[in-house]
């Protein structure tokens, strides 16, 4: 696909549009609606070492220009992923990036070692920033030293490209990103969801079972673009832009801010064809503006 191909953190992709973890299942769930071979990469739902039941319902509620979710990383663990999920993805040429989370550094290390042996997995997205759990990995994303320690430990455990997924719920995102880079991350993914809460005024109860959750969708796009812009200037490794991307124009904004690739998340719940449509809209933008390659846009915002 002329003008859209790239090699990202050592991963060859046909275009810079991925699907975000937690919004696309493991790929099989969406395969009846989306041609997986037209995606740049599939980022899986978060995988933990052992199975997790997740948070109590309700887990999702709609908000103005977005949604709150509190899933709690529900999954059946790494063994199920390898035996039941990966075989289906072997049918496609699209790179698979496994999103992993652990409650301890040792769990992250074990996950990395196991997945390092799987040829189909082309990279790891390290989830140290999910706001839907009340313990474990939550700790790593707020402390620069903890971020460095966990990424460094994972780096020693695998030869796979490492993408550090960071939380926007910090005071200095660039500082956290630089620690991840220093520890051996090959790329930065941001942003994860913003902490939020909604209350039912009829029952006076929170709309989520936790009762807080992660805010995603168009409402968070300005925050995401600002943090991508800050981090892209602070690190030398590539950045993935995530947060409220609904159209090709949204993706273009992230490229101009400094993102090398983007992930489409909440849009998948609204339009199953969103990632493919966004690819086509990026191509149309390039043609309209006489650009041969989308990389001509990266970091070119005029400030």
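Derivation of every value follows stated rules applied to the coordinates shown; laboratory data play no part. Here the structure is a predicted model, which is why all the values come from computation and not from measurement. Using ideal geometry, Cβ is built from the backbone for each residue, glycine included, and neighbour counts are taken over all protein chains shown.
Using a simple spin-label model with pseudo-atoms 7 Å out from Cα toward Cβ, residue 197 and residue 116 lie 4.2 nm apart. The stretch 1-63 and the stretch 176-251 have Cα centres lying 16 Å from one another. Dividing the mean sequence gap of close Cα pairs (under 8 Å, 6+ apart) by how many residues the stretch 1-42 holds gives a relative contact order of 39 percent.
Which of rounded, prolate, oblate describes the stretch 1-134, given a ≥ b ≥ c as roots of the alpha-carbon gyration tensor eigenvalues and a/c under 1.5 marking rounded, otherwise prolate only if a/b is larger than b/c? In terms of gyration-tensor shape, oblate. Listing 229, 195, 204 from fewest to most neighbouring C-beta atoms within 10 Å gives 204, 195, 229. Adding -39500 (n - 2.57) for every DSSP H run of four residues or longer, then dividing by how many residues the chain holds, sets the calculated 222 nm ellipticity at -8000 deg cm²/dmol. Within the chain, antiparallel bridges make up roughly 40 percent of the DSSP beta bridges whose residues both belong there.
Each label point was placed 7 Å from the Cα along the Cα-to-Cβ direction; for residue 212 and residue 7 their separation is 4.3 nm.
If a/c stays under 1.5 just call it rounded; otherwise compare a/b with b/c (prolate if a/b is bigger, oblate if not). Do that for the stretch 82-218, with a ≥ b ≥ c from the square roots of the Cα gyration tensor eigenvalues.
Because a/c hits 1.5 or more and a/b fails to exceed b/c, the stretch 82-218 counts as oblate.
Oblate is the label for the stretch 20-82, because a/c, from the alpha-carbon gyration tensor with a ≥ b ≥ c as root eigenvalues, is 1.5 or above and a/b does not exceed b/c.
For a quick check: sort 212, 266, 147, 94 by the number of other beta carbons within 10 angstrom, fewest at the front. Mind showing how you got there, number by number?
Values: 212 16, 266 26, 147 29, 94 22.
Fewest to most other Cβ atoms nearby, the residues stand as 212, 94, 266, 147.
With Cα atoms defining each centre, the stretch 140-162 and the stretch 73-119 are spaced 17 Å apart in the structure. Could you give log10 I(q)/I(0) at q = 0.08, 0.12, 0.16 Å⁻¹ for the chain, computed by the Debye formula over C-alpha point scatterers of equal weight, without solvent? So the normalised log intensities work out to -0.31, -0.72, -1.36. The distance between label points at residue 106 and residue 156 comes to 1.5 nm (points 7 Å beyond Cα on the Cα→Cβ vector). Mean separation of Cα pairs under 8 Å and 6 or more residues apart, divided by the residue count, gives the chain a relative contact order of 19 percent.
Can you tell me how much longer the chain between residue 171 and residue 205 gets when fully stretched, taken as 0.36 nm per residue apart minus their C-alpha distance, in nm with one decimal?
Values: separation 34, 0.36 × 34 = 12.24 nm, distance 2.97 nm.
Net length gain for the segment: 9.3 nm.
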